[in-house]
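Input: a single structure, listed below in structure tokens.
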Amino acid sequence: MTSVLDRFLRYVQIDTQSDPNSPSFPSTSKQRNLSNLLAVELQELGISDAHVDEHGYVYATIPANSSKENVPVICFCSHVDTSPDVTGASVVPIVHENWDGSDIVLPDDHKQVLRIGELHDLDTQIGNDIVTASGGTLLGADNKAGVAEIMAAAEILMHNPDLKHGTIKILFTPDEEVGRGTEKVDLQKLGADFGYTVDGEAVGTLEDETFSADAVKITIHGISTHPGYAIGKLENALKIGAEILARLPKDSLSPETTEDKQGFIHPVQFEGIQEKVTLSFIVRDFNTPGLKEKEDFLKKIMEEVLEHYPHSTGDFEVHEQYRNMKEVLDQHPQVISNALTAMEKVGLSPIRQSIRGGTDGSRLSFMGLPCPNIFAGEHAFHSKLEWVSVQDMEKAVEVIVSLAQVWEENA
């Protein structure tokens with residue numbers, strides 16, 4: 001048997017960083033390097049249909065070994081790409097065995113230090129084996145921890161016929177980090193009734209609620225003229241765009257001023273010249289109607305600013321990104337109850353919580369595959385301080401195996 005740690009250490013050294021500016025799919029061809037490896041390893045486990053499709057998705061089926069005919073088909077899903085925020089090239093993973101709670105100074109950049117009190121959940125890990133990168137890159141636990149855990153669970157299920165389960169589907173997706181992870185997934189081909197993404201944080205957490213999310217693009221068309229003869233004529237789109245940003249609240253409605261179930265408006269890009277400027281925003285709210293309220297507020301700011309520039313115009317475009325998966329999951333309570341039972345069976349006290357973000361499960365749920373998110377143990381993701389504990393990864397493997405059995409038992 002290959003340990004989940006051995007798999008994880010091997011996978012994180014494969015650069016799979018996605019690119020939000022790439023028009024191709026997947027956005028970077030190097031993601032296929034890991035996808036191809038996973039398909040080969042699944043085949044070596046005896047999963048004969050494991051393959052990578054033309055879009056870089058890995059599909060595989062663990063055949064049912066239960067005599068029951070009505071066991072729902074469940075899917076476990078993780079993504080192979082890592083965040084564009086920090087490089088994922090030349091990752092050097094370090095295992096800090098039996099960690100004693102002291103500061104972990106990363107050797108390639110001594111300014112990168114893991115300290116209790118500064119990183120969530122780190123204080124619960126004393127005595128465990130902590131895996132970090134070396135300080136110059138992210139680690140890639142988001143989401144290669146989930147990938148390794150699903151692979152380790154697949155090996156256990158394939159090699160232990162006494163563990164009864166229905167048909168299990170495995171799905172590894174590209175480009176989750178750039179919001180395109182489900183763009184070309186074939187759910188008919190997948191053939192699952194219910195799913196679970198393995199892409200969460202602290203051990204024991206089950207996330208069944210996400211933001212609802214939209215993207216907003218404001219395009220300002222100003223009036224350009226020679227600056228030496230601009231009096232009474234020039235309406236600088238750069239200044240108009242800056243005024244729009246300046247009118248956003250300073251003490252509310254932003255990521256840095258909100259928490260829990262509070263939504264926000266977040267500018268993510270500003271580009272252009274004096275004639276034309278584009279402002280890009282992401283808008284988030286746990287209640288879908290709250291998105292419309294925030295978008296109306298932002299549009300009103302644009303219109304009020306433009307009142308002072310009579311010859312300039314503005315375009316306001318809204319693009320749906322994903323919706324709160326709770327709207328779907330509430331219609332299928334067994335998806336949650338079975339996950340809670342599986343966690344309890346392996347000695348955990350489950351924690352249901354919301355994600356201040358989204359997962360592939362958000363889109364999959366609305367595409368017809370109800371799909372909450374279970375923990376993978378990843379922490380401080382999208383940063384050089386990213387870490388995961390070996391014991392948390394091992395517990396995630398136990399939960400996946402237990403969950404396969406719970407669905408069979410309850411059928």
(Q) I'm trying to understand the selection: among the residues of segment 122-137, which are surrounded by fewer than 18 Cβ atoms within 10 Å (Cβ to Cβ) and under 16 Å from residue 382 (Cβ atoms)? (A) 136
Q. Limited to segment 106-154, what total is found for residues that are farther than 24 Å from residue 197 by Cβ and in a helix (DSSP H, G or I)?
A. 1
Q: Pull up segment 314-324, narrow it to residues that are modelled with pLDDT of 95 or more and touching a Ser or Thr at 6+ places or on another chain (Cβ under 9 Å), then point me to the one that is nearest to residue 178 (Cα to Cα).
A: 317
(Q) Considering only segment 161-176, I want to know if a residue exists there that is within 20 Å of residue 343 (Cβ to Cβ), surrounded by fewer than 24 Cβ atoms within 10 Å (Cβ to Cβ), out of contact with any His (no Cβ under 6 Å at 6 or more places or on another chain) and hydroxyl-bearing (Ser, Thr, Tyr). (A) no
**Q.** Residue satisfying all of: in segment 243-263; touching a residue at least 24 places away in the same chain (Cβ under 8 Å) and not in a loop (DSSP other than H, G, I, E, B); surrounded by the fewest Cβ atoms within 10 Å (Cβ to Cβ) among these
**A.** 245
Q) Taking into account only those residues within segment 191-201 that are over 30 Å from residue 295 (Cβ atoms) and out of contact with any helix residue (DSSP H, G or I) (no Cβ under 8 Å at 6 or more places or on another chain), which is surrounded by the most Cβ atoms within 10 Å (Cβ to Cβ)? A) 192
Q: Identify the single condition in (1) of a type outside the set (Ser, Thr, Tyr); (2) surrounded by fewer than 20 Cβ atoms within 10 Å (Cβ to Cβ); (3) under 21 Å from residue 83 (Cα atoms); (4) out of contact with any Leu (no Cβ under 9 Å at 6 or more places or on another chain) that residue 140 does not satisfy, given that it satisfies every other one.
A: (2)
(Q) Take the conditions of a type in the set (Phe, Trp, Tyr), surrounded by fewer than 18 Cβ atoms within 10 Å (Cβ to Cβ), more than 29 Å from residue 194 (Cα to Cα) and in the same structural domain as residue 231 (by TED's automatic domain parsing) and apply them to residue 281. Does it pass? (A) no
Q: May I ask you to verify whether residue 185 is assigned to a loop (DSSP other than H, G, I, E, B) and not small (Gly, Ala, Ser)?
A: yes
Q | Where a residue in segment 37-53 is closer than 14 Å to residue 172 by Cα and of a type outside the set (Gly, Ala, Ser) and its partner, wherever it lies, is assigned to a loop (DSSP other than H, G, I, E, B) and modelled with pLDDT under 95, with Cβ under 9 Å and at least six apart | A | 41/2
Q: Could you please find all residues in segment 284-294 being in contact with a Ser or Thr (Cβ under 8 Å, 6 or more places away or on another chain) and in a helix (DSSP H, G or I)?
A: 288, 290, 291
Q) Is one or more of the residues making up segment 215-225 part of a loop (DSSP other than H, G, I, E, B), assigned by TED's automatic domain parsing to the domain that holds residue 301 and either among the aromatic types (Phe, Trp, Tyr) or buried (at least 18 other Cβ atoms within 10 Å of the Cβ) (or both)? A) yes
Q | segment 226-267: number of residues that are out of contact with any helix residue (DSSP H, G or I) (no Cβ under 9 Å at 6 or more places or on another chain) and of a type in the set (Asp, Glu) | A | 4
(Q) Residue pairs, Cβ under 7 Å, 6 or more apart or interchain, first in segment 269-288 and at negative phi and touching a residue at least 24 places away in the same chain (Cβ under 8 Å), second part of a loop (DSSP other than H, G, I, E, B) and hydroxyl-bearing (Ser, Thr, Tyr). List them. (A) 274/224; 275/224
(Q) Against the conditions (1) crowded, with 23+ Cβ neighbours inside 10 Å; (2) within 26 Å of residue 333 (Cα to Cα), where does residue 381 fall short? Just the number, please. (A) (2)
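Going by the conditions given, is residue 102 in the same structural domain as residue 65 (by TED's automatic domain parsing), without any contact (Cβ under 8 Å) to a residue 60 or more places away in the chain and within 25 Å of the chain's Cα centre (by Cα)?
Working: in the same structural domain as residue 65 (by TED's automatic domain parsing): yes; without any contact (Cβ under 8 Å) to a residue 60 or more places away in the chain: yes; within 25 Å of the chain's Cα centre (by Cα): no.
No.
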(Q) Give me the residue from segment 384-411 that is among the polar types (S, T, N, Q) and more than 16 Å from residue 205 (Cβ to Cβ) and, out of that set, surrounded by the fewest Cβ atoms within 10 Å (Cβ to Cβ). (A) 410
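Quick one: in segment 203-214, which of the residues that are outside any strand (DSSP E or B) and at pLDDT 95 or above is surrounded by the fewest Cβ atoms within 10 Å (Cβ to Cβ)?
Quick first cut of segment 203-214, residues outside any strand (DSSP E or B) only: 203-204, 211.
Remaining after also requiring at pLDDT 95 or above: 203-204.
On the way: 203: 22, 204: 20.
Among residues in segment 203-214 that are outside any strand (DSSP E or B) and at pLDDT 95 or above, the one surrounded by the fewest Cβ atoms within 10 Å (Cβ to Cβ) is 204.
Please indicate, with yes or no, whether at least one residue in segment 23-44 is of a type in the set (Asp, Glu) and in a loop (DSSP other than H, G, I, E, B). Spell out how you get there, then give the answer.
Just the residues of segment 23-44 that are of a type in the set (Asp, Glu), to begin with: 41, 44.
Subsequent filtering for residues that are in a loop (DSSP other than H, G, I, E, B) retains none.
No, the conditions are met nowhere in segment 23-44.
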Q. Conditions: (1) surrounded by fewer than 24 Cβ atoms within 10 Å (Cβ to Cβ); (2) in contact (Cβ under 8 Å) with a residue 60 or more places away in the chain. Residue 181 meets all but one. Number of the miss?
A. (1)
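The values are calculated or read from the model by the stated rules, or taken from the named source; none is laboratory data. Because the structure is predicted, anything quoted here is derived from the model rather than measured. Note that each Cβ is placed from the backbone with ideal geometry, even for glycine, and that neighbours are counted across all protein chains shown.
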